[in-house]
Amino acid sequence: MNVLVIGGGVIGLSIARELHIAGVRDITVADKGTPGKEASWAAAGMLAPNAETEGVDDFYRFCSESNDLYPNFAESLHMDTGIDVGLDLAGTLQLAFDDNEADRLLKKYRRQKDAGLPTEMLSAEEVLRLEPEISSSVILGIYYPHDRQVDNRKLVAALLEYCRRNKISVLQDQQISSVTVESGRLTGAIGKTRRFSADLAILATGAWTSFIEIGDTGPISVDIKPIRGQMIAFETSDRLLKKVIYGNNCYLVPRADGRILVGATVEDVGFEKTVTDEAVSELTTSAAEILPETANLDIVEKWSGLRPRSTDELPIIGYVAGIDNLFIASGHYRNGILLAPLTAKMIAEKVVQNIDSPYFSIFSPERFNVRLAV
Ligand code: GLY
C-alpha cells in the first residue's frame with residue numbers, strides 16, 4: 001500500500017511512524033515548508049488533559065488516553081532514534097492569585113474530584129513548599145500529578161529521525177494543492193512540483209486544511225481557522241520551577257535546560273505570525289505576577305504559531321464521506337502535541353487492521369457535512 005501523508009507536523013509524522021510500525025512500507029510525507037516548523041515547533045509541549053479541560057466528556061477521555069500513551073511513545077522514540085524527547089513527569093500546578101480564580105478553581109476541583117480524576121487541592125503554603133519561587137500572593141492551587149510536559153521540538157526531531165532511519169520519505173517545500181479523485185476513490189495528489197499517486201492519503205494539514213481542493217469540486221468543506229499563539233522564553237542558569245504552572249493569564253513551562261517558556265495569546269488574526277510588542281509586554285507582566293524572579297531575566301526568544309481550530313474546537317479525525325481512502329486528522333487546536341500518539345494509533349489500526357476506534361464517530365468530519373460534493 002502506498003500512503004501519502006499530507007502535512008509534516010507532529011500529527012502527520014506520528015501517523016507515518018505508526019503506519020510504519022504496523023507494517024506499511026511505502027509512506028511519503030509531503031510538507032508545504034519545513035517539516036515540523038509550524039504549530040508543532042511553536043507549541044509549549046504541555047500534556048495537560050486535566051488542566052486544559054473543564055468537564056469529563058469524550059474530549060477529556062481522548063486527551064487523557066493519549067496522555068497515557070506518552071511514556072511508551074517517548075521511550076520507544078528514544079530507543080529507535082537516540083533522541084530523548086524530554087518527557088517530564090513532574091506534574092502541573094494550576095494556581096489562583098485572586099478570589100474569583102480561587103472560587104473557579106475550587107469548583108473545578110470538586111467537579112474533577114467527584115468524577116474520580118487525579119487531582120489534589122493545595123493551600124498556599126503547600127504550593128510554596130513545592131515551588132518556593134512562586135509569588136507569595138498565591139491563594140491556592142490544584143496539583144495534577146498526571147499532567148506532564150514534553151519538549152515538542154525534540155519530539156519533532158525524533159519523529160523526523162525515525163522517518164529518516166526507516167526510509168519514510170519526508171518532502172519539504174511540497175505544498176499539496178489538491179487531491180485527485182476518480183469514481184469516489186482518491187488516486188493521488190498534486191504538489192507544488194510533482195504529482196503523487198497514492199492508495200491512501202491523510203490530511204494532517206493543521207491550520208492549512210481548508211485550502212486543500214478535492215478533485216475538481218473545490219476546497220474541502222471543513223472550516224479550520226488559524227488561531228495565533230504568541231510566546232516568549234526566559235533563560236535561567238538555575239531551574240526556578242519544577243512543574244508546569246497555569247496562572248490566571250498565562251502558563252509557565254520550565255524546561256530541563258533552565259529555559260522558562262511563557263504562553264500564550266489566543267488570537268483570531270488569520271495567517272499572521274508577527275510577534276507584537278503588546279503581547280510580549282502582557283506575557284512578561286503575567287509571568288512576573290506568578291514568578292517574580294522573571295522580572296530580572298532576559299527574554300531569549302519570542303515566537304508565535306497557528307493553532308488549527310475547528311468550529312466546535314474539537315479535532316476532526318476520520319474518512320471523508322464519499323471517498324473511502326482519504327482521511328482527515330486535523331483541528332487539534334490547543335492539544336496537537338498531546339493528541340498525536342492516539343490520533344496516529346487509531347488511524348494506523350483502522351488502515352492496517354480495520355479496527356474502528358469509538359473516537360472516529362465522535363470526531364468524524366461528517367459532523368460538518370464534509371463529503372465529496374456530487
Ligand atoms: N495548549 C496550550 C496552548 O495552546 O496555548
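Within segment 27-74, can you find the residues that are closer than 20 Å to Leu89 by Cβ, within 16 Å of the ligand (Cβ to nearest atom) and acidic (Asp, Glu)?
Of everything in segment 27-74, just one residue is closer than 20 Å to Leu89 by Cβ, within 16 Å of the ligand (Cβ to nearest atom) and acidic (Asp, Glu), namely Glu52.
So which of Glu161, Glu126 ends up being outside any strand (DSSP E or B), under 23 Å from Gly7 (Cα atoms), out of contact with any strand residue (DSSP E or B) (no Cβ under 6 Å at 6 or more places or on another chain) and in contact (Cβ under 8 Å) with a residue 12 or more places away in the chain?
Glu161
On the given criteria, is Arg259 of a type in the set (Lys, Arg) and either within 30 Å of Gly188 (Cα to Cα) or surrounded by 21 or more Cβ atoms within 10 Å (Cβ to Cβ) (or both)?
Considered against the rule, which asks whether it is of a type in the set (Lys, Arg) and either within 30 Å of Gly188 (Cα to Cα) or surrounded by 21 or more Cβ atoms within 10 Å (Cβ to Cβ) (or both), Arg259 comes out as no.
Please give the number of the condition Ala321 fails out of (1) among the small types (Gly, Ala, Ser); (2) closer than 25 Å to Asn248 by Cα; (3) in contact with a helix residue (DSSP H, G or I) (Cβ under 8 Å, 6 or more places away or on another chain); (4) surrounded by fewer than 16 Cβ atoms within 10 Å (Cβ to Cβ).
The number of the failed condition is (2).
Applying the selection to segment 299-358, what residues are part of a strand (DSSP E or B), among the basic types (Lys, Arg) and more than 30 Å from Thr236 (Cβ to Cβ)?
Across segment 299-358, the qualifying residue is only Arg309.
As an exercise: evaluate Leu261 against (1) within 16 Å of the ligand (Cβ to nearest atom); (2) free of Cβ contacts under 8 Å to residues at least 12 places away in the same chain; (3) among the aliphatic types (A, V, I, L, M) and give the number of the one condition it does not meet.
Against the list (1) within 16 Å of the ligand (Cβ to nearest atom); (2) free of Cβ contacts under 8 Å to residues at least 12 places away in the same chain; (3) among the aliphatic types (A, V, I, L, M), Leu261 comes up short only on (2).
Considering only segment 236-282, how many residues are of a type in the set (Gly, Ala, Ser), more than 19 Å from Arg334 (Cα to Cα) and in contact with an Asp or Glu (Cβ under 8 Å, 6 or more places away or on another chain)? Full working, then the answer.
The first filter runs over segment 236-282 and keeps only residues of a type in the set (Gly, Ala, Ser), leaving 237, 247, 256, 258, 263-264, 270, 279, 281.
Checking the rest, the ones that are also more than 19 Å from Arg334 (Cα to Cα) come to 237, 256, 258, 281.
Next, from what is left, pick out any that are in contact with an Asp or Glu (Cβ under 8 Å, 6 or more places away or on another chain): 256, 258.
Number satisfying all stated conditions: 2.
Search segment 329-363 for residues being surrounded by fewer than 21 Cβ atoms within 10 Å (Cβ to Cβ) and of a type in the set (A, V, I, L, M, F, W, C), and hand back the single one that is nearest to His20 (Cα to Cα).
Val352
In the list Leu314, Leu326, which residue meets the criterion of being buried (at least 16 other Cβ atoms within 10 Å of the Cβ), in contact (Cβ under 8 Å) with a residue 12 or more places away in the chain and either closer than 24 Å to Ser183 by Cβ or among the aromatic types (Phe, Trp, Tyr) (or both)?
After ruling out the rest, the residue left standing is Leu326.
Just the residues that are touching a Ser or Thr at 6+ places or on another chain (Cβ under 9 Å), more than 18 Å from Ile6 (Cα to Cα) and not hydroxyl-bearing (Ser, Thr, Tyr), please, taken from segment 300-320.
Gly305
What single numbered condition from (1) part of a loop (DSSP other than H, G, I, E, B); (2) within 15 Å of the chain's Cα centre (by Cα); (3) not aliphatic (A, V, I, L, M) fails to hold for Glu65?
Here Glu65 meets the rest and fails (1).
Bear in mind these aren't lab numbers, they're just calculated from the coordinates by the rules spelled out. Bear in mind the structure is a predicted one, so any value in this text is a computation, not a measurement. Here Cβ is always computed from backbone atoms with ideal geometry, including for glycine, and neighbour counts include all displayed protein chains.
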